[in-house]
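Report on the following structure.
The values are calculated or read from the model by the stated rules, or taken from the named source; none is laboratory data. As the structure is a prediction and not an experimental result, all values here were calculated from the model. Don't worry about glycine lacking a Cβ; one is built from the backbone with ideal geometry, like all the others, and counts go over all protein chains shown.
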Amino acid sequence: MVKNRQENIPEVAFSAPAGRPAGVEVMTLAELRERADACGLATPHRPGFHHLLVLDTGRLRHTIDFREYELTAGDWMWVRPGQVHHFGDLAGAEGTLVLFESGFLDATTAVLARVEDWYGPAVRQPGDAVEARAARRALEHLHQEFGALRGLSLEAHVEVLRHLLAVLVLRAARMSGPGGEGGGDGRGGDGECEAGETFLRFRDAVERGFAHSRQVADYARALGYSPRTLSRATASATGVSAKEFIDRRVVLEAKRLLAHGDQSAARIADRLGFADAANFGKFFRQRTGVTPLAFRGEVRGAGVSGGGG
């Protein structure tokens with residue numbers, strides 16, 4: 001079991017059950033409860049694979065990157081690789097959980113479903129009863145096929161699972177968050193599509209480089225856009241400026257490191273590209289209202305580092 005206090009956030013790789021194909025696993029929440037202690041569900045960590053869950057009955061609290069969600073029956077939740085998350089109390093909640101690696105899907109599905117969209121809505125809801133039934137059928141078929149080879153060779157079994165998972169994630173990708181957040185098919189006018197692709201390129205560049213640069217001009221130069229173009233595209237997609245988007249990503253990583261590790265402010269400042277702890281502290285306080293060490297004390301006092309998942 002992973003200890004609560006680590007120098008770094010524990011990163012967890014996908015591990016296939018014995019005798020099962022690598023890259024995907026389907027289980028009920030009842031089965032997850034049975035392995036809770038062995039899997040270290042009492043400690044927040046950063047898995048390198050997706051969690052796609054639908055809740056059938058009960059309520060379930062789940063925290064993803066310092067935001068707590070409460071799922072009710074019929075809700076779907078999608079946690080992406082790299083996000084720090086933990087389960088609340090699993091007792092009384094029933095549903096189905098699909099774990100999968102991005103590379104298990106074919107490339108076309110991965111693009112259409114935007115499986116690497118870490119900023120998509122975490123909790124999703126089908127638009128209507130027809131969409132809900134379609135997603136449910138896809139999940140049930142995947143679960144059934146995962147449970148048995150059904151006369152197929154292992155190679156054929158893996159391909160069946162790959163295709164069924166593709167159907168499921170494409171269905172889930174169309175769902176919107178509460179209030180219509182995210183989801184949909186990604187289509188729109190030519191200008192909207194162009195702005196969307198510009199933002200996606202910028203978002204991915206920020207994910208790779210936020211610890212090295214917080215300047216919009218650096219990303220604009222690397223991507224071949226003007227800073228104004230990046231700001232317009234980011235504002236259209238997220239409602240904030242390109243600079244604010246970068247800063248929020250840096251703050252999120254700082255919060256992860258402060259809440260789930262014991263590194264000093266100076267060490268975190270160095271990891272995030274600040275000249276020293278003083279500059280990091282000023283940046284963090286301006287954007288959160290508290291110092292880095294005060295934030296660490298608050299979240300640990302509130303039990304943020306002692307969840308599950």
Discussion item. Restricting to the range 59-69, count the residues that are part of a strand (DSSP E or B) and among the aromatic types (Phe, Trp, Tyr).
Written reply: 1
Discussion item. With the requirement that a residue be of a type outside the set (A, V, I, L, M, F, W, C) and in contact with a Gly (Cβ under 8 Å, 6 or more places away or on another chain), what does the range 96-111 give you?
Written reply: GLU101, GLY103
Worksheet item: So ALA110 clears everything in (1) among the small types (Gly, Ala, Ser); (2) in contact (Cβ under 8 Å) with a residue 12 or more places away in the chain; (3) over 19 Å from THR28 (Cα atoms); (4) surrounded by 15 or more Cβ atoms within 10 Å (Cβ to Cβ) except one condition, right? Which one?
Response: (2)
Fill in: Checking LEU149 against (1) touching a residue at least 12 places away in the same chain (Cβ under 8 Å); (2) within 24 Å of GLU31 (Cα to Cα), the condition it does not meet
(1)
Worksheet item: If you scan the range 280-303, which residues turn out to be of a type in the set (S, T, N, Q) and either surrounded by 13 or more Cβ atoms within 10 Å (Cβ to Cβ) or not assigned by TED's automatic domain parsing to the domain that holds ARG208 (or both)?
Response: THR288, THR291
Worksheet, complete the sentence: Cβ pairs under 6 Å, 6+ apart or interchain, first in the range 288-301 and over 14 Å from HIS260 (Cα atoms), second among the small types (Gly, Ala, Ser), ordered by first then second residue, are THR291/GLY281
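Here is a yes/no grid of residues against (1) at pLDDT below 75; (2) in contact with a helix residue (DSSP H, G or I) (Cβ under 8 Å, 6 or more places away or on another chain):
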{"site": "GLN6", "(1), (2)": "yes, yes"}
{"site": "GLU25", "(1), (2)": "no, yes"}
{"site": "ALA30", "(1), (2)": "no, no"}
{"site": "GLU34", "(1), (2)": "no, no"}
{"site": "GLU70", "(1), (2)": "no, no"}
Worksheet item: Taking LEU200, is it surrounded by 16 or more Cβ atoms within 10 Å (Cβ to Cβ), in the same structural domain as ARG287 (by TED's automatic domain parsing) and closer than 23 Å to VAL290 by Cα?
Response: no
Worksheet item: Quick one: is ALA233 modelled with pLDDT of 95 or more, farther than 27 Å from THR63 by Cβ and either assigned by TED's automatic domain parsing to the domain that holds ALA91 or among the aliphatic types (A, V, I, L, M) (or both)?
Response: no
Worksheet item: Do we find a residue being crowded, with 16+ Cβ neighbours inside 10 Å, touching a strand residue (DSSP E or B) at 6+ places or on another chain (Cβ under 7 Å) and either closer than 24 Å to VAL251 by Cβ or of a type outside the set (A, V, I, L, M) (or both) anywhere in the range 132-143?
Response: yes
